[in-house]
1. Among A:W278, B:W258, which comes first, then next, by fewest other beta-carbon atoms within 10 Å?
2. Can you give me the Cα centroid spacing of segment B:168-207 and segment B:87-109 in angstrom?
3. Rounded to whole Hz and in sequence order, give me ³J(HN,Hα) for segment B:50-55 from the Karplus expression 6.51 cos²θ - 1.76 cosθ + 1.60, θ = phi - 60°, writing x for Gly and Pro.
4. Quick one: which residues, 5+ away or cross-chain, put their amide H under 5 Å from the amide H of B:L175? H built at 1.01 Å from N.
5. Arrange B:I37, B:I200 by Cβ neighbour counts within 10 Å, fewest through most, would you?
6. Show the residues, 5+ positions off or on another chain, whose built amide H is closer than 5 Å to the amide H of B:N251.
7. Looking at segment A:83-279, what % of its DSSP beta bridges pair antiparallel, to the nearest 5?
8. So what is the relative contact order of segment A:83-279, in percent, for Cα pairs below 8 Å that sit 6 or more residues apart?
Amino acid sequence: MAGPPKKRQKRDDIKQEGQMPQKKFYRQRAHANPFSDHDLKYPASPAAMDWSQHYPAFAATVPAGVPNDDPIATPDHDKQNHLQPISKQVQVADIGCGFGGLLFALAPKMPETLILGLEIRTSVTEFVQEKAKALRVQHASTGLYQNVSCIRANTMKFLPNFFVKGQLSKIFLCFPDPHFKARKHKARIVSTTLNSEYAFVMKPGGKVYTITDVEDLHVWMAEHFAAHPSFERVGEEELEGDECVGTMRTETEEGKKVERNSGTKYVVVFRRLEDPPWP
Amino acid sequence: MRRGDATELPRDDQVGDEERPKKKQKTAPQVKPANIIKLAVSPNQQHAVAVTDDKHVRVFSLFDGNLVELSQRCMPKRPCAIQVLPENTTIICGDKFGDVYSLPLLPETATEVDTEPGAAKDTAPEADTGKPAFKPSATNLTVHTQRNRKALEAQMQQKAFSAKKEALQFEHKLLLGHVSMLTDVAYATRKVDGRERGYILTADRDEHIRISRGPPQSHVIEGYCLGHKEFVSKLCLVPGMNLLISGGGENELYVWEWPSCTLKRTIPLYDAMLSMQVPGSKESYRAYSKDGVQIPSGSGKNLAISGLWTVPCQVAGDKKETVLMVAVERMPGLYIMPTNWLPLTSGEELGLTLLDLEYPPLDVACTADSVIVSLDAREEGQARVRAYQLRHAEGQKQVWRVECTRDEEFEKKLQCANTRSVADTGVGAKALDDLLYGVANLRKRRGWGDSGKAGDDELEGGAGMEDAPED
């Protein structure tokens, strides 16, 4: 059960087209074990992913395939012929998007770029999906928020199931679980070995944005990206001019909390370098 | 030999490639000897590397038919795959936790490794060098969930904070890592523009096969071979072709052109297994109906591939070709097919030959012309090791058919392994099963509980489902 059934019941009771979901019905414990299997649905490969379900406004007009109720394509590569293609690829990923504050702030700023939130908690994912739906209805005249969606995923294991090599231009890692215990450090979202996977799905020149209010974790993330030959740190001046950094500081849910608590926010951004030539 | 198992290794230097699980262990209750769980030989056949289930990597020199232990190094996690690179000086070693390391075959301070801590320097990029003094990981201004607050409070109370993770005391390098459970590692090379390029291929329980560059650029991922629907347990490269065979929790093998990460075809095993007439009229799938053999829960039709090997096979005259051998966990037989059939396009039927065995095979090794199979024969007097010669006669009706004949000559050399009596140590059948048959356990239990359940399980007990409101 995801949360007490009552909560889910209430959630459904008040659900109305175009109405914003209420956070209180979607709360879920803030930690998930990235090593356990969960009951995840994910495509066998990026080609098996049905993106048109998530970005219907960007679906290519070619009428193709049987409609699929499942938001995530079944991991069956035989079916990929039936998938409806979309005109654009996802280029921005918010890993661990939580309730989606950053997603909904970024979406109107880059309406032609597909933005995807990835979140491991079921209820929280549902909230973001419902909110995206509601915002699309509310902004039907302007067509805003068509470019934002969210899926439930464990990106530490399944990032390459969703994105092909060099697909992403921006990855956001905002206020990740700090995993204080040394024993738990392997569960952190940033590690030298995992950074190779981020590098794989990013195009050269793309950026990884990280923000946290935990200094220890900030140092950890900065050190581990710096130690990875595929990344270089972006200088302070460039950060100032980057709209995404400002948005990340002020619009993420956690960012707002830290603000209220007058805590410190640590930002560090890394750029994906070209792969070195073979030796 | 200390562990009393060395006599089970073939005395000649034709020790197999990898993975020769020890068949019987001599356990005294007090001193529990380690079991060999992986075995590899350097390409020049000068050294053997064994992994024991006490997490040690042990290097032996193979000289004059004698094994001499040169070093033992304790890895942070139990290794699950090991290989000596073609240059004969580096070991690559993958562990279940997902990390792949490289180690020098012969450590510089081989003899002192265990006694002199702090001598070797840690080259792993991830290794924490330990914090000089205690410093809490966060301040009171940090926004916390309840759990994190507890963790932090615990950290504060622990006055003498010391870095618990001791760095490995020998030279090693972390090459790459999966968050998923790693199951197999293979090292491949291919020539591009006249230069040889090395690659590390890694497989995991979450259906991935990753292709990374070999050292020193192992941080670069070249691609993924994706398509498996269940865990991948074994990788096997076909010599002379850019083909990779992978198998795991499915009823078919996958054939990949690994440099381009494209799936060339699949090879159905289950159908072949049912339709195959086994010489001697024993039904080939009897393994699954035999008493005591557990059918994987809820999936009677799902096989678990426990071994893939390429071995030499005689064709007409002196010509040789390579055949693929496939072991299905607990099935007393081996599937055999000529590898030159693999590039055929999907749809064309591939013929499989079944080598019927008395017991489930545990490992396969080969010499220039003989194939040695170790069997899970648990009682005295039964052959634990068999040798075969394979012959692929062309021009017959069933062109795929591979003839397997017992190599009596070679079996004489292996006699000591078959006749040596192993004192009954009271190791239960269950314990042996656990040691030898772990592949089927990799299968995920899907579809139980409703969709919400997972997301919330913390490893150490999932108390307090909703204990942390987020604002």
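1. Arranged by neighbour count, lowest to highest, A:W278, B:W258 become A:W278, B:W258.
2. Going from one Cα centre to the other spans 11 Å.
3. 10, 10, 10, 6, 8, 6
4. Those lying under 5 Å, H to H, from B:L175 are B:V100, B:Y101, B:S102.
5. B:I37, B:I200
6. Here B:L303 satisfy the definition.
7. Numbers: 9 of 29 bridges.
Taking every DSSP beta bridge within segment A:83-279, about 30 percent pair in antiparallel fashion.
8. This gives 22 percent for segment A:83-279.
Bear in mind these aren't lab numbers, they're just calculated from the coordinates by the rules spelled out. What you see is a predicted model; the values in this text were computed from it and never measured. Note that we place each Cβ from the backbone using ideal geometry, even for glycine, and neighbour counts take in every protein chain shown.
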